[in-house]
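Heads up: the structure comes next, in structure tokens.
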Amino acid sequence: MTDRSNRFRHPAAAAILATAASAVALTAMPMVAAAQEKVLRATMHADVRALDPVWTTQTIASIHGNMIYDQLFNLDTDLMPQPQMVEKFTVSEDRKTYTFTLRDGLKFHDGTPVTTKDVLPSIHRWAARRSSGKVLMGFTESITAKDDKTFEWKLNAPFGFLIDTLALTGSVYVMREKEAKTDPFKQIEESVGSGAFMFKRDEWVPGSKTVYTKFQDYVPRKEPPSGHAGGKVAKVDRVEFVWLPDPQTAQAALVAGEIDYLENPQPDFLPILESTPGVHLVRHKAQGTMGIIQLNHLHPPFNNVKARQAMYHIIKAQDFLDTIVADKKLQNPCFSYFGCGVPMETDAGSDAYKAPPDYKKAEQLFKEAGYKGEPITILHATDHAYINPANQVMIQQLRKSGFLKLDVQAMDWGSVVARRAKKEPPAQGGWNIFVTGTTVLGSSSPITHVSLGMGCEKAWFGWPCDAKMEELRQQWGLAPDLASRKTIAIDISKRAYDQVPYVSFAQWGQPVAYREDQISGVIPVASVPPMWNIEKK
């Protein structure tokens, strides 16, 4: 371990020390108020603003959902699907009928039991909003309840990824029947789950703090915790997501010991955190983020494929990596739509993107698309740890082309999330471009990769539309073996680079940081961080 007298020689160290006092002031008062409780304080990458993890694809909404809702299946640390709310299941010989039985002791936070009357509408609501769910429903003949604890899922073809799809973190959040029957395109009004923690809406202060308390009646599985699977044991009385929008202040709070857990430490400060006594960094082997430049396919210029293709002659992925994460060990200039280091990895069709920027070629393609200098509206989230700098890099690269007129509208991430759902033209409150990201795990298959779907009105924000892409994704789901799936993945990659559902700006790893002198039991995962199993020392 680096000697304490040397650990603040890093150029950014002075900034950490300068903001430590303000971090203490922000968090000291809650410590006094909750002195008798075991309180875990964590700062996530964004503030909890939306409470419906089905209505929105925000990662922070998934983190919130993961805190309070349970799921039918989950992935273990080896990314293998394991039963969670399901006690057992059987599969027919023709692989078309699955029968599931819920485990004993499942209860919502209001004390009512979890039954199939809650599970079935939860499945349908999720499937209406997620690309993987829509694909799965395309192979579904029926889902019926046999009794309060048993339901049957009949397929019209032997789709081999039913269990895998249900096991993805962020898939089916089991809600009470009345919330589960809410229009999937409207937010639910109450957040009552059956997970290890309960949401304290009366203490929720958007822009400041989100509070969860231990659900005393939760019955964990008997297996040891493994990833998002196994026994989810809440070992603290209370979890507080303390929102510190300035990354420097968040790092200072961790250094000062005023928070226990920092989900998304700024890469520039990782050397400081690594050399700070009591701070530990951890990352799952499959953990990583893929950046996304989302284009709106409904309105000019990106309703024309040539304008979308032109972006590959302007965007330089390495610039994003160098800005977001300077540590070369965490960088991966990946050109695979499925992410790198996963079975489906392929860069087929990426030649134009790999080549140096060609502004003349880009200008030619924009002209062929009918572009005549109209403003391109960019939704620039200024309060997000990596989206803000990514926006800055993208804007600089687009301006460097010399022929694009940009309308950059700065706002917080919550406002971007609200506005990206609008289909109106940019001049009427819509948009052309916004920047976001996704996990490598969620992008690792054509079925689960939300942004890759091109199902027109049923697609993700941007509403890309291509029947051939949807046909290829369906073929992949029916492929009988890994070799066949890899072959189809190459065809999907070529089609994606041709039709451009979005532009990726590479892949990078992001460890979490926590005070190992204050907490123990942190579980490394490849996606949203679990707060169960963590003990306060």
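Kindly give the semi-axes, whole Å and largest first, of the ellipsoid equivalent to the stretch 125-166, taking each as the square root of 5 times a Cα gyration tensor eigenvalue.
Numbers: eigenvalues 63, 32, 18 Å².
One finds semi-axes of 18, 13, 9 Å for the stretch 125-166.
Quick check on packing: order 325-336, 215-226, 449-460 by the mean number of other C-beta atoms within 10 Å, highest mean leading. It would help to have the intermediate numbers written out before the result.
Numbers: 325-336: 17.9, 215-226: 14.7, 449-460: 20.4.
Ranked by mean Cβ neighbours within 10 Å, highest first: 449-460, 325-336, 215-226.
For the stretch 435-537, what is the convex hull volume of the alpha-carbon atoms per residue, in Å³? All intermediate terms of the calculation are to be shown ahead of the outcome.
Details: hull volume 14.9 nm³, N = 103.
Normalising the Cα hull of the stretch 435-537 by residue number yields 145 Å³.
What are the DSSP H helices in the chain that stretch 24 Å or more along their long axis, judged by alpha-carbon atoms, and whose average Kyte-Doolittle hydropathy comes to at least 0.0?
Numbers: long enough: 13-33 (31 Å, 1.83); 482-499 (25 Å, -0.46).
Answer set is 13-33.
Give me the extension gain from Leu281 to Asp358: residue separation times 0.36 nm, minus the current Cα-Cα distance, reported in nm with one decimal. Walk me through the numbers before you get to the answer.
On the way: separation 77, 0.36 × 77 = 27.72 nm, distance 3.99 nm.
Length gained between Leu281 and Asp358: 23.7 nm.
For the pair Met137 and Arg95, how long in nm is the line joining their label points, each one 7 Å along Cα→Cβ?
2.4 nm
Averaging over every viewing direction, what projected area does the convex hull of the Cα atoms of the stretch 290-370 cover, in nm²? Before the final figure, lay out the partial values.
Numbers: hull surface 24.2 nm².
The orientation-averaged projected area of the Cα hull of the stretch 290-370 comes to 6.0 nm².
Counting only Cα atoms, I'd like the Rg/Rh figure for the stretch 69-180, Kirkwood definition for Rh.
On the Cα set of the stretch 69-180, Rg over Rh gives 0.93.
Jot down the radius of gyration and Dmax of the stretch 289-508, Cα atoms only, both in angstrom.
Final numbers for Rg and Dmax: 16.5, 49 Å.
Within a Cβ distance under 13 Å of Ala326, other residues only, what is the Lys/Arg minus Asp/Glu net charge? Each step should come with its number before you reach the end.
On the way: positive: Lys328, Lys329; negative: Asp268, Asp319, Asp322, Asp327.
Neighbourhood net charge equals -2.
Roughly what % antiparallel, to the nearest 5, for the DSSP beta bridges in the chain? Mind dumping the intermediate values first?
Values: 53 of 67 bridges.
Here the antiparallel bridges make up roughly 80 percent for the chain.
Which pairs break 29 Å Cα to Cα here: Lys329/Lys468; Lys186/Lys400; Lys200/Lys222; Lys458/Lys486? Don't jump to the answer; show the numbers that get you there.
Values: Lys329/Lys468 37 Å; Lys186/Lys400 40 Å; Lys200/Lys222 27 Å; Lys458/Lys486 26 Å.
Too far apart for the 29 Å limit: Lys329/Lys468; Lys186/Lys400.
So, in nm, how far is label Ala421 from label Asp147 when the simple model puts each one 7 Å beyond its Cα toward the Cβ?
Calculated label separation equals 4.0 nm.
Which loop-located GluC sites (Glu not before Pro) does the stretch 124-193 contain, where loop means any DSSP state but H, G, I, E or B and the Cβ has at most 12 other Cβ atoms within 10 Å?
Values: sites: Glu141, Glu152, Glu177, Glu179, Glu189, Glu190; in loops: Glu189, Glu190.
Filter output for the stretch 124-193: Glu189.
All of the numbers you see were taken from the coordinates with simple rules; none came from a lab. Predicted, not measured: the structure shown is a model, and the values here were computed from it. Neighbour counts are summed over all protein chains in view; Cβ atoms, including those assigned to glycine, are modelled from backbone coordinates with ideal geometry.
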